[in-house]
């Protein structure tokens, strides 16, 4: 049986700042990255090379993509071409390493899907309390994402299991370390620093999901050229439960966020 390692992060999406109705209903969104355990050592070498170069140029060893994109803190002088190069590099590494990305979202539409509602209620009633996690959608969605990730690993790689899952330590508010019984055995879930190599890829993926939602909330005429490039890179990411898509920005057609991102998310559930 192949063993996979999972890294999980949330998107920290500021829904109250958005006017788009679907996004306003978003309560929680988690993004995870799964990779074969025997590839992790290579990933660490990839990341060491990346962080060494980052430190030489910007004085930090952590890729904080929100700061990179918004040119804040260590990245206040970064050029948009450099940002796009970094984003493209992460996307290429993820594909080269055979990673898959799984997204789990709880929003207004979740409550209109009877199957989704039943799954969330079961997690909330029977799993969350037994793990010692606090009540709330964040705990439900954290567990939901790990379960869904295991399903995606099995679907894509056959006889495979997630043996360990790491969550950004910033999510510790969701609870302490725990063990989750999934297909094939137990999965140990721990909280680690975002500087961890695999968590850097999870942070990147979570940031990218959020960024595309921000872009999708614009009228096409307001989408900048570099944002169009981001959408093209996004379409190459190895999503397990979202359909790959090439994004066409048409000045006469609003960007179809619902169809490209949200309606397809639960397609395989």
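The values are calculated or read from the model by the stated rules, or taken from the named source; none is laboratory data. Only a predicted model underlies this, so the values are computations on that prediction, with no experimental measurement involved. Neighbour counts run over all protein chains shown; Cβ positions are idealised from the backbone, glycine included.
Within segment 181-202, take every residue that is modelled with pLDDT of 85 or more, over 16 Å from the mean Cα position of the chain (by Cα) and crowded, with 18+ Cβ neighbours inside 10 Å and give me the one that is farthest from residue 51 (Cα to Cα).
187
Is it the case, given these coordinates, that residue 84 is modelled with pLDDT of 90 or more, more than 18 Å from the chain's Cα centre (by Cα) and either within 30 Å of residue 3 (Cα to Cα) or in a helix (DSSP H, G or I) (or both)?
Here the answer is yes, as residue 84 does meet what is asked.
So, in segment 83-106, of the ones that are touching a strand residue (DSSP E or B) at 6+ places or on another chain (Cβ under 8 Å) and either surrounded by fewer than 20 Cβ atoms within 10 Å (Cβ to Cβ) or without any contact (Cβ under 8 Å) to a residue 60 or more places away in the chain (or both), which residue ends up farthest from residue 41 (Cα to Cα)?
Per the criteria, the residue is 98.
Could you check segment 107-148 and list, in sequence order, the residues that are surrounded by 15 or more Cβ atoms within 10 Å (Cβ to Cβ), part of a helix (DSSP H, G or I) and out of contact with any strand residue (DSSP E or B) (no Cβ under 9 Å at 6 or more places or on another chain)?
Residues satisfying the conditions are 109, 110, 119, 123, 124, 139.
Which one of these is modelled with pLDDT under 75, closer than 23 Å to residue 80 by Cα and surrounded by 14 or more Cβ atoms within 10 Å (Cβ to Cβ): 249, 261, 215?
249
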